[in-house]
1. Any idea which of L359, L341, L363, L329 is at pLDDT 95 or above, within 28 Å of R289 (Cα to Cα) and assigned to a loop (DSSP other than H, G, I, E, B)?
2. Residues of segment 248-303 being closer than 30 Å to I381 by Cα, assigned to a helix (DSSP H, G or I), within 14 Å of the ligand (Cβ to nearest atom) and not β-branched (V, I, T), which ones?
3. Before we move on, is P77 assigned to a loop (DSSP other than H, G, I, E, B) and under 19 Å from the mean Cα position of the chain (by Cα)?
4. Out of the residues in segment 38-69 meeting the condition of being within 20 Å of the chain's Cα centre (by Cα) and part of a loop (DSSP other than H, G, I, E, B), tell me which one is surrounded by the fewest Cβ atoms within 10 Å (Cβ to Cβ).
5. Confirm whether P88 is surrounded by 19 or more Cβ atoms within 10 Å (Cβ to Cβ) and either in the same structural domain as L329 (by TED's automatic domain parsing) or not hydroxyl-bearing (S, T, Y) (or both).
6. What strands (runs of 3 or more DSSP E) lie completely within segment 119-195 and have 1 or more residues being within 12 Å of the ligand (Cβ to nearest atom)?
7. Within the set of pairs 6+ apart or on separate chains, which have a first residue in segment 136-149 that is without any contact (Cβ under 8 Å) to a residue 40 or more places away in the chain, a second that is among the aromatic types (F, W, Y), and C-beta atoms under 8 Å apart?
8. Is it fair to say A375 is of a type in the set (G, A, S), in contact with a Ser or Thr (Cβ under 6 Å, 6 or more places away or on another chain) and either more than 16 Å from the ligand (Cβ to nearest atom) or in contact (Cβ under 8 Å) with a residue 12 or more places away in the chain (or both)?
Amino acid sequence: MKETRFQICVLGLGYIGLPTASIFATKGKLVLGVDVVQSVVDTINEGRIHIEEPDLDILVRAAVQSGNLKAATKPEPADTFIIAVPTPFTKLDDGSLEPDLSFIKAATESIAPCVEKGNLIILESTSPVGTTELMRQWLFEAADGRIGADDLYFAHCPERILPGQMLKELVTNDRIAGGLTPEAAVKAKELYEIFCSAEIFLTDARTAELAKLTENSYRDVNIAFANEMSMICDQLGIDVWELIKLSNRHPRVNILNPGPGVGGHCIAVDPWFVVAACPEKARLIRTAREVNDSKPQHVIDQVKQRAARFRKPVVACLGLAFKADVDDLRESPAVDIAVQLADLFPGDVLISEPHVKVLPKRLSDKAKLVPAEEAIQMADIVVLLVDHKPFKRLSRRVLDQRVVIDTRGCWATG
Ligand code: SAJ
C-alpha cells in the first residue's frame, strides 16, 4: 500500500463494517478498516474473511488486492470516520434488555487524536435515540479542546442490509442520512452515493436513530402476531399454515411466518431500545417481544407432550441457526430449545446443523451433531427448528413413523 492519507476510516470490521469498508475500497477510496481483534485484522489483510456471507470473500479479496483496503488495530487520520461497532446489551431481571454504548464510546474516543477540522463522523451502529449527540459530546471531551464545536460534521446512517443478501442490499437499499446539522446529512448522503444506487433521504440524527429501531420493531410486532396465531391454533387444533395461507388471500392481509421464536442480533434486541427509552408508551412493542420470547417454551411444551407416550424417546433437532441458510447462532431460539431438550432427554438428543462443524459450548457435552438423515433415522421425535434448504429437500418418506414438530412450516401441506 502506498504511503498515503486515508480517505475513509471504518471502525468495527464485522457484518456491517467489513462489507462497507470493502465496497468503498473497490470504488477507489483509500480505506483503513479498524478492529480491536488482531486476528480479524490479520485475516482481512490476507484478503480473507472471518464471517460467513455469500460473496463477501470475493469483495474483500478484491478490495485488499487493489491496495485500497488495509486493516489495523488503531485508527489513523482520514476525511471520514464510520463507526460500525456492535451495540451489546445488558439483560435485566424482567427479561428486558438495555443498550450498552461502551463499544461506541470506546470507538469514538479512539478517533479523538486523529480527527481534524472538516471531518465527517458517521455512526452506523444501531443505537438508541440521542446516541449521535452523545458521540459528539464524547469526542469533544476526548479531544480535550483540540477541535472546536463546529469543526466536525456528525450523522447517523443506519444500515438495513439483510444477512444472507448483504452485498446486494448494500447497493440497492434506500438509506437514511440523519445529520446533527443539515450540512452533515448532505455530506453523509454524498459519501454513500459512491456505491448506493438507491435513494438516500435526509433527516436529523434522532429521527434516523428511531427509524432503524422502528423498522426492526415493526417486523418483530408482525412476527409476534404470527407466533401468537400459531399458539392459538395449537390450542384449537387448527393447522396454522393453512390458516395463514387462506387469510393471506385477503387483499389487505399479509401475515408473516410463525417460527420457534425470533433470533439474531437485530430484531430480538432493537425493540428493547425503544422500550428502554419510553417504557410507559411502548406497550405493544414490549408485548410483541414477550410473545416472541415465549415461543421457545411453547415448542418445548409441545415436545414434552408428544414425548409422553415414549419410554425413552430419541429427539432429533434440525437446525440451530437463527434463520434459514445462515451460520449465525446469535440469539438463536433454536439453540435455547436444543439446550433445554438436551437437559430434558439426557443423552437422547441428536442435532443436525449443516452450517456448523462443531456444536456450541452450551450443547457440546449434552448432544451429538449428526447429519440430518442419520438423526431422523434414529429419532422418535423430529423437531424442525430452522428451514435450511437441505431440510426442505428431504424426502417426506424419511419422516414416516416419526412424531414431527415442524416449527417453521417447512413440510407444511396446508
Ligand atoms: N422470522 C420469523 N418469521 C418471519 C420472518 C422472520 O420467525 O416471517 C424470524 C427469523 O427466523 C429470525 C428473525 O425473525 O429468527 C429475524 O430474521 P429476519 O430475516 O426477519 O431479519 P434479520 O434479523 O436477519 O435482519 C433484520 C432486517 N430488518 C428488517 O427486515 C426490518 C434487516 O433489514 C436489518 O438490516 C437487520 O435486521 C439489522 O441489522 O438490523
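The values are calculated or read from the model by the stated rules, or taken from the named source; none is laboratory data. Values in this document were obtained by computation on a predicted structure and should not be read as measured data. As a convention, Cβ positions derive from the backbone with ideal geometry for all residues, glycine included, and neighbour counts pool all protein chains shown.
1. One residue alone meets the criteria, L359.
2. A288, R289, N292, D293, S294, K295, P296, H298 - these are the residues of segment 248-303 that are closer than 30 Å to I381 by Cα, assigned to a helix (DSSP H, G or I), within 14 Å of the ligand (Cβ to nearest atom) and not β-branched (V, I, T).
3. Numbers: assigned to a loop (DSSP other than H, G, I, E, B): yes; under 19 Å from the mean Cα position of the chain (by Cα): no.
Against the criterion (assigned to a loop (DSSP other than H, G, I, E, B) and under 19 Å from the mean Cα position of the chain (by Cα)), P77 does not qualify.
4. D55
5. No.
6. 175-179
7. Short answer, once both residue conditions are applied: I147/F140; A149/F140.
8. On the way: of a type in the set (G, A, S): yes; in contact with a Ser or Thr (Cβ under 6 Å, 6 or more places away or on another chain): yes; either more than 16 Å from the ligand (Cβ to nearest atom) or in contact (Cβ under 8 Å) with a residue 12 or more places away in the chain (or both): yes.
When the stated conditions are applied, A375 passes them.
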